[in-house]
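Worksheet: the structure to be examined is printed underneath.
The values are calculated or read from the model by the stated rules, or taken from the named source; none is laboratory data. Quick caveat, the model's predicted, so the values are computed rather than measured. A quick note on method: Cβ atoms are made from the backbone with ideal geometry, for glycine too, and the neighbour counts reach across all protein chains shown.
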Ligand code: AGP
C-alpha cells in the first residue's frame, strides 16, 4: 500500500506534493520521490527512508514547475532503495509514473520489453508501466495510457505525466483507491482525501475502471474505453486526522475493514487454476526431499497463525511440524539441522525474539522461510526465502489484517510444499484454490454484518473474565480471539482446547461466565457440542460461532455468530473476523485506547 499524489495548477507543485505525501506516510514510508515537468524535461528527486529525507534532498532551490507527481512507498516488489523508489521513467525519461498496487503480470511484460531493447533500472513492477507508455505512445498520452491499461493485470492507482504531452496528468484506478481534488484553477489527484484536504474539500472519488485526464482547465473522467463517466462532487466533512483513518474512528477498525483487499492482494499472482506460484520461495524438489521436519516460530498473533500453519502443512504436505514461541525456541536447544525447514512469521519483521530464533535456526544449518509484511525488514533480509503478505502498513498495535494474510501465507506455503512433494493431487489443490479465491468476498460479507457484533459487544462491557474454546483449527483461532480481547479491552480472557475444559478450567465457569465457542471444524463438531453442553450445564453464557446454514448450534447456545461456509482448512481466515470486531467494539465501549493499548508496542524490538 503506497501513497500517490499529483498536482496541476498555478502554484509551485513541489511543496504541495511533499505536503500531500506527508499526509500519506501512514500508507508507506520506506522511500519517496517526486517528478515535475520543468518545462522541457522531467525533473525527478527521490530518497530512501521517510519523507524528511526527500525534503532535504529537494532543499529550497527546487523547480518552480506547476505540474508534478509524487509517491511514498511501501515496498512490495523490490526492496526499499533509491532505484526502486517512485516515480519511475522510461528509457528516454519522456514519461514519469507513480503507482500504488501490484502489477500481476509485470515479469512477462518486463521480459517482452527487454526483448524489444528497453533498459530497466529497478526491481519494481511499476517501472514496466513507464516502458509500456514509451512503447505505445503515438502522440496522445491518454490513448497510450488506455493501451497500457488493456495490457496489465493486477491492482493499481497510477498517475502519469509526460514531456511529450505536457500540462496534462492522466490517472487510472483498479482495486486501489484514488480521488481527484477540485480546486479553483488547480486540480489534485491522490490515494485518498488526506493528501489534499488542506487545499480543497471538493473531490471526485474515482471508482474501479475509471481514468481521468486533468489539464489546467478541466477534469475529464471516463472508463478505460473512453466513455465519459458522470461524477458527483463529494463535499468532504472529515477533519485531517479522521481522513488518515479513512473516516474510521480508529486505525484498527480501518485495518479490520481492509482485510478483503489485503487478502486479495496477497494472493495476486500466486494462484493459477490448480497450482500455487511462489516465485520468492526457491525450495527445489531435491532440497525439499532433504527436509524431514518443519518448525514454525513466531510471537503473539503471528504464533497463532503458526498454529494454523502446523495443521495445514501436516495435513497437506505430510511433514511433521512443531510450532514454537520464538522466545522459547532459542533457549531449548531445538532439534534443528540441515534437514529442518524453519518458518518464521512476523508482521513487522523486526521482533527481537523472532529475529533471534531465525539466526539460531540458520546457525544450525536450517533452511529459513519468512512470512512477513514488511519488504526490507531484517527478517526478510536474513531469511533464505520470503513470502510477503501484502496487507500494507498495519498501524494499530492489535494485529488484524496482518494475521489473516499470515494465515493466507500458511495456506500458500502448505499448498506449495504439497505441490512440490506431490502429496496433493492437482485436482485437490484446484479445489482449495477455488475456495481460497472466494475468501475476500466472504470476509466482506462478514464485515457487512458488523452491526450484530457491535450490539453483542455491549453485553461484555462489565465482564471481567471471558473464555474462548474450540477444537482443532477452532482452538488456534480461539487463542487469537482471546489475545485480541485481552490486549485492547483489558478483560481477562483465556483460550482452551474445548476438550481440555473438564481437566481444570471448568472450575472457573459459573453463572453467566461468557464463553465464546468456535464450532466450524466438521470432524470434531459433535465433540465440541458436548463441550458446549458442559459449560451450559454450569449456566455459562455461550456465544457460538459456526457456518451459516448450521441450525443445530443455536439449540445449544445463547447466541450464534454465523460465517459463510468454506473448507474447514480456510475457516480460520473468516472465523477470526467477528472476534476482531467483538474485541474492537468491547474496547471502544470500555473507553480503552484501541489503537495504542496500555503497556504494548506495535513492534517488540527488545527481548
Ligand atoms: C498482536 O495483536 C500483538 N500486537 C502481538 O502479539 C504481535 O503479534 C507480536 O508482537 C508479534 O509481532 P510481529 O508479527 O511483528 O513479529
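Might you let me know whether the stretch 262-274 holds any residue that is within 16 Å of the ligand (Cβ to nearest atom) and not in a loop (DSSP other than H, G, I, E, B)? Checked against the condition, which is being within 16 Å of the ligand (Cβ to nearest atom) and not in a loop (DSSP other than H, G, I, E, B), the stretch 262-274 yields at least one hit. The one condition from (1) surrounded by 22 or more Cβ atoms within 10 Å (Cβ to Cβ); (2) closer than 26 Å to residue 598 by Cβ that residue 469 does not meet is (2). Counting the residues of the stretch 354-370 that are in contact (Cβ under 8 Å) with a residue 40 or more places away in the chain and near the ligand (Cβ under 10 Å from one of its atoms) gives 1. Within the set 392, 414, the sole residue that is within 16 Å of the ligand (Cβ to nearest atom), in contact (Cβ under 8 Å) with a residue 12 or more places away in the chain and under 21 Å from the mean Cα position of the chain (by Cα) turns out to be 392. Mind checking which residues of the stretch 95-123 are closer than 24 Å to residue 164 by Cα and in a loop (DSSP other than H, G, I, E, B)? Across the stretch 95-123, the qualifying residues are 116, 117, 118, 119, 120, 121, 122. Kindly check whether there is at least one residue in the stretch 48-61 that is at pLDDT 90 or above, surrounded by 22 or more Cβ atoms within 10 Å (Cβ to Cβ) and more than 14 Å from residue 158 (Cα to Cα). Yes. Which one is nearest to the chain's Cα centre (by Cα), of the residues in the stretch 339-353 that are within 9 Å of the ligand (Cβ to nearest atom) and crowded, with 24+ Cβ neighbours inside 10 Å? Here the answer is 347.
Based on this model, can you work out whether residue 278 counts as crowded, with 18+ Cβ neighbours inside 10 Å and either within 16 Å of the ligand (Cβ to nearest atom) or within 20 Å of residue 405 (Cβ to Cβ) (or both)? Yes.
The residues in the stretch 164-194 that are farther than 14 Å from residue 8 by Cα, modelled with pLDDT of 95 or more and not in a strand (DSSP E or B) can be counted, and the count is 1.
Candidates 71, 77, 86: the one that is under 30 Å from residue 383 (Cβ atoms), modelled with pLDDT of 95 or more and in a loop (DSSP other than H, G, I, E, B) is 86. Among the residues of the stretch 321-337, those identified as part of a loop (DSSP other than H, G, I, E, B) and either in contact with a helix residue (DSSP H, G or I) (Cβ under 7 Å, 6 or more places away or on another chain) or surrounded by 20 or more Cβ atoms within 10 Å (Cβ to Cβ) (or both) are 330, 334, 336. Output yes when any residue across the stretch 468-487 is away from the ligand (no atom under 16 Å from the Cβ), more than 23 Å from the chain's Cα centre (by Cα) and either within 30 Å of residue 3 (Cβ to Cβ) or in a strand (DSSP E or B) (or both), and no when none is. Looking through the stretch 468-487, at least one residue is away from the ligand (no atom under 16 Å from the Cβ), more than 23 Å from the chain's Cα centre (by Cα) and either within 30 Å of residue 3 (Cβ to Cβ) or in a strand (DSSP E or B) (or both). The test for being surrounded by fewer than 19 Cβ atoms within 10 Å (Cβ to Cβ), within 16 Å of the ligand (Cβ to nearest atom) and modelled with pLDDT of 95 or more does not hold for residue 296. Flag not set for residue 423, criterion: in contact (Cβ under 8 Å) with a residue 60 or more places away in the chain, out of contact with any strand residue (DSSP E or B) (no Cβ under 9 Å at 6 or more places or on another chain) and within 16 Å of the ligand (Cβ to nearest atom).
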